[in-house]
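Working notes for the structure below.
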Amino acid sequence: MRYDENGTAASVERGLRDWLSRAAGEPLAEVHRWALHPPGKLVRPVLLLESAAAVGGSYDRVMPAAVGVELVHVASLLHDDILDDDRLRRGKPSGHARFGPGAAVLGGDALMFALFEQVVECGGRGVPEAAVLRAVGTLARAGRRMAQGVARELDPVRAPDPVAGYLEMVRLKTSALLSACCEAGAVLGGGSPGQARALAGYGEALGVAFQIRDDLLPYGPEAGRAGKPADSDLRNDRPSLPLLLAGPVSADPEKVGRLLVETGALEECTRLAHAYAERARRELDALPPGPHRTALCRTAEALAPGPWRAGGTG
């Protein structure tokens, strides 16, 4: 899935190629090239660019930051694959399967620090220093929250309400970076504090919809085309929403899909994803009308699984 009516993803891909060219010959260059190609959905950099443009900023000034958020996202995937012992990523061996866990960890570490280099580069393109500093702080806080979310996923607290625990984990693990991309885009683009808050709220709700959709991938028509093995969550006892809603499930993947349908878990997941996508869309009412607000709205639409039904509640 990639919704990108303004062609920003192609610009990000060029930026990623340029970054790789500048890093050619460095000790971790092959790890980075392997992890970054083929590019994924590029949701995060596109969100940053469209958020900046929606408040009156320019793509060119914030493009380094857009490249940077994709670098940090790919870093998180390198590390996640080690934690989950997933041997495949985007249809090819994962970073640690190809280069070993040591190189994959170091490659991910380097990409995380590269994010801040990229954001600082925006200052050389005319973004005020104060805005660069605020964006760095926003993205740094998101990195800490992501780590907290993964820690919760690895050792989930068996709360009385497992769905509430799941949603809090998702707000940390997934929504934190999406929200920070949107907020940083608004800050770097010169938006007002109110616009930055609205876009942060948009990104947070969008992140929940995104993660629920990701949880549904192994059980829908896109099974087998997801970025990681379809049985990863079941095999690693991860708190996937469909499995939580269905209650105790067998470890036999062939029986799981049928149980999720019979218990209504898949239908409830779809309803919740639509509700959060609609919540994200409503946050955009704080922005001036225009093609970039429309693009952000349609991104929310594209991330909802199945037919889009506006007007949901969550």
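All of the numbers you see were taken from the coordinates with simple rules; none came from a lab. Note that the structure is a prediction, hence the values are computed from the model and not measured. Glycine gets a Cβ as well: all are built from the backbone with ideal geometry, and neighbour counts include every protein chain shown.
Compared with the direct C-alpha span, the chain from residue 23 to residue 147 gains 42.0 nm at full extension, assuming 0.36 nm per residue. Can you classify segment 90-185 as rounded, prolate or oblate using the Cα gyration tensor, where a ≥ b ≥ c are the square roots of its eigenvalues, rounded means a/c under 1.5, and otherwise it's prolate if a/b beats b/c and oblate if not? Since a/c reaches 1.5 but b/c is at least a/b, the shape of segment 90-185 is classed as oblate.
For the chain, relative contact order (Cα pairs under 8 Å, six or more residues apart, normalised by length) works out to 20 percent. Taking a ≥ b ≥ c as the square roots of the eigenvalues of the Cα gyration tensor, an a/c ratio of 1.5 or more together with a/b no larger than b/c marks the chain as oblate.
Taking amide H positions as modeled 1.01 Å from N, with prolines and chain starts lacking one, the residues under 5 Å from residue 88 and 5 or more places away or on another chain are 94.
Working note: Karplus 6.51/-1.76/1.60 with θ = phi - 60° gives segment 93-101 the couplings x, 5, x, 6, 5, 8, 10, x, x Hz, where Gly and Pro are set to x.
Working note: Karplus 6.51/-1.76/1.60 with θ = phi - 60° gives segment 201-212 the couplings x, 4, x, 5, 5, 4, x, 5, 4, 4, 5, 4 Hz, where Gly and Pro are set to x.
When the Gaussian network model of the chain links Cα atoms closer than 10 Å, the mean-square fluctuations of 110, 130, 280 top out at 130.
Using the Cα gyration tensor of segment 40-119, with a ≥ b ≥ c the square roots of its eigenvalues, what is the shape: rounded (a/c below 1.5), prolate (a/b larger than b/c) or oblate (neither)? Taking the square roots of the gyration eigenvalues as a ≥ b ≥ c, segment 40-119 is prolate. For the chain, lysine pairs with C-alpha atoms less than 22 angstrom apart, excluding pairs fewer than eight positions apart on the same chain, total 6. Segment 163-181 and segment 32-111 have Cα centres separated by 18 Å.
Estimated from the Cβ-Cβ distance and a Förster radius of 30 angstrom, the FRET efficiency linking residue 168 and residue 109 is about 0.65.
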